[in-house]
């Protein structure tokens with residue numbers, strides 16, 4: 001039964017971890033996520049409709065020991081200067097280019113968030129969890145999910161500004177030199 | 001494009017896990033599983049009653065007791081003297097209470113409903129949204145151990161269009177599990193010494209003892225949390241105060257200081273005496289703000305003026321938004337706190 005959980009969710013958990021700390025460390029943490037999950041499986045009905053909040057909660061908890069790696073990863077995103085992707089219609093190309101232009105500034109701004117707010121934000125954006133799933137993953141009330149997310153998004157907007165450029169007082173590199 | 005869209009592009013090209021890594025992880029898990037003996041004993045827990053009638057009653061009451069004020073206050077407004085006075089009175093009540101014993105489990109029982117959505121299609125690009133009713137009972141100890149029981153009801157639709165879209169999309173899951181009952185803790189009941197730790201991190205425990213009870217010092221802490229590393233506004237400060245009142249069972253001194261901080265926030269308005277969804281009379285104060293990605297909304301806190309305890313909270317969307325097919329003002333979330341106490345044991 002647990003093998004089914006592994007097969008169904010390993011790729012998604014790995015992908016989330018890789019976005020946060022890079023593929024190499026993600027290999028280790030994804031494996032650790034599933035061994036931790038196995039240890040506590042008796043407390044979780046693996047036939048529940050969705051094990052994702054449970055697994056992403058464990059993965060997020062493991063990430064707490066690796067914020068230096070995450071800071072390095074965000075620093076790499078902040079330096080990113082990527083070409084526009086090819087999309088299948090002009091509008092989507094435009095939107096994608098806008099999003100990618102803002103990416104480095106977003107990365108710097110994410111680095112300035114508290115660990116709690118960053119976790120909520122990235123579980124939404126990168127793990128595609130809904131509010132109530134984030135509440136399950138982090139074991140916090142859904143109202144607290146909302147308020148943390150609201151603060152994180154406000155802070156991002158404040159740091160990025162209408163120009164789409166990072167507007168923090170520190171440099172992009174300094175912004176990412178944080179342990180959260 | 002908003003900041004979440006931009007964030008989603010970051011690392012979107014991260015490579016899929018190497019098959020070699022996946023095989024290694026699977027092998028690690030297999031070895032781990034073979035080495036592990038079933039040292040944890042699963043304790044079957046009695047299933048709590050669904051109490052559908054209470055959920056249904058609460059749902060039916062959504063439209064009737066939505067606490068909507070008379071107008072929209074501009075951001076950055078001055079403190080409302082009437083709201084400040086009501087909050088100061090609640091602070092005085094709290095300050096006069098004897099210190100409670102903090103030993104044991106913080107226990108909270110609540111009922112509420114929260115916004116939940118699933119991704120939309122070409123006809124509903126902003127998603128399909130509904131309110132999902134939730135009954136929640138939680139016990140949390142200082143070490144993060146405890147128990148969480150949640151019962152979720154059927155989605156409550158804002159209108160027929162959302163429900164029709166949801167059915168056309170194949171009725172994707174909106175509410176999660178209908179019922180869950182999970183125990184957390186570093187020392188599972190019945191576990192042998194050295195048994196594996198349960199869910200890492202366990203329940204989130206807000207260490208209220210680490211917070212200052214002096215108003216000025218507490219305001220500094222709230223500022224720092226509200227700012228998320230930058231400059232805070234009073235709406236964000238108000239939400240931090242709510243975070244610290246919600247499911248925390250703080251000491252009377254701390255609760256008093258939280259109310260005094262709230263009394264000094266610009267834009268807090270007094271709604272007045274209201275009846276919450278459990279039929280209790282309380283004093284309501286509200287703050288209007290624009291959380292990113294949501295729309296102009298009003299967050300209301302209802303507290304008991306005689307005990308200073310938080311009775312309920314509610315969020316009302318005040319403006320028409322492109323992601324929700326509903327006419328404002330409309331309730332997009334609420335919680336009613338039925339029990340907040342300290343217990344020595346978990347049932």
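Summed over the stretch B:262-272, the residues that are over 9 Å from residue B:79 (Cβ atoms) and buried (at least 24 other Cβ atoms within 10 Å of the Cβ) give a count of 1.
Among the residues examined, residue B:207 does not qualify as surrounded by fewer than 17 Cβ atoms within 10 Å (Cβ to Cβ), facing chain A (nearest Cβ under 7 Å) and either modelled with pLDDT of 50 or more or under 23 Å from residue B:148 (Cβ atoms) (or both).
Inside the stretch A:72-180, counting only helices (runs of 4 or more DSSP H) that do not spill past its ends, which hold 1 or more residues that are facing chain B (nearest Cβ under 7 Å) and either surrounded by fewer than 23 Cβ atoms within 10 Å (Cβ to Cβ) or at pLDDT 85 or above (or both)? Answer list for the stretch A:72-180: A:90-111, A:115-125, A:131-138, A:142-160.
Applying the condition of being surrounded by fewer than 21 Cβ atoms within 10 Å (Cβ to Cβ) and at pLDDT 85 or above to the stretch A:16-50 and asking which residue is nearest to residue A:72 (Cα to Cα) yields A:22. The single residue among B:300, B:307, B:275, B:283 that is buried (at least 23 other Cβ atoms within 10 Å of the Cβ) and modelled with pLDDT of 90 or more turns out to be B:300. Taken over the stretch B:236-276, the criterion of being within 14 Å of another protein chain (Cβ to nearest Cβ) and outside any helix (DSSP H, G or I) is satisfied by B:246, B:247, B:248, B:249. Filter the stretch B:1-59 down to the residues that are more than 7 Å from chain A (Cβ to nearest Cβ), at pLDDT 55 or above and under 31 Å from the mean Cα position of the chain (by Cα), then identify the one that is nearest to residue B:111 (Cα to Cα). Result: B:2.
The values are calculated or read from the model by the stated rules, or taken from the named source; none is laboratory data. Bear in mind that the values here come from a model prediction, so they are computed numbers and not experimental data. Quick reminder, even Gly has a Cβ in these numbers, built from the backbone with ideal geometry, and neighbours come from all protein chains shown.
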